[in-house]
Amino acid sequence: PWIKSFHIMAVIAWMAGLFYLPRLFVHHVESGHDETFQVMEERLLRVIMNPAMIAAWVAGLSLAATPGVVDLSSTWPWVKFCGILAMTAFHFWCAAERKRLLAGVKRSGRTYRIVNEAPTLLMIVIVLAVVLKF
């Protein structure tokens, strides 16, 4: 129960960052206050998102390695794992996008609004896979 609790808390923190960082990108490109948003984006990524992602991975892999917790012959753990890999790829895309913004390369606010839906869709797939065990 301790590892599961830690995993849930880490995932919540990670998801909060994944939901919020693209919204910061929207405001960054539409407001013209580059310096303010650069600080906010960097701190969110470095202080919250990166540690939360690492903690979620460590706790999740610990759970998966615990005998009797995950049946690897089922489909749901593999669906969840693919969702987590996609979520991790999105995390790294956000980190790369922050560096692009620092370099002055900006996409439209609309683009960031659209990509902001990715973590929500991935979360739905992951939660349904775990709860429904399909």
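The table that follows gives values for the structure above.
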| read-out | value |
| --- | --- |
| Å² per residue, accessible surface of the chain at 1.4 Å | 59 |
| Percent carbon-and-sulfur accessible area, the chain, ignoring ligands, DNA and RNA, probe 1.4 Å | 70 |
| Tensor-based shape of the stretch 49-92 (alpha-carbon gyration tensor, a/c under 1.5 rounded, otherwise prolate or oblate) | oblate |
| Spatially proximal lysines relative to K133 (Cα-Cα < 24 Å; intrachain offsets below 8 disregarded) | K4, K80 |
| Qualifying aspartates and glutamates (Cα of each under 14 Å from Cα of K99; at least 8 residues distant if same chain) | D34, E35, E41, E42 |
| Fluctuation leader among A52, A95, A64 - the chain, Gaussian network, Cα springs under 10 angstrom | A64 |
| The chain: calculated mean residue ellipticity at 222 nm from DSSP helix runs of at least 4, using -39500 (n - 2.57) | -26500 deg cm²/dmol |
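The values are calculated or read from the model by the stated rules, or taken from the named source; none is laboratory data. Predicted model, so just to flag it, every value in this text is computed and none were measured. Ligands, DNA and RNA are excluded from the accessible area calculation, which covers all protein heavy atoms including side chains. Shrake-Rupley method; radii C 1.70, N 1.55, O 1.52, S 1.80 Å.
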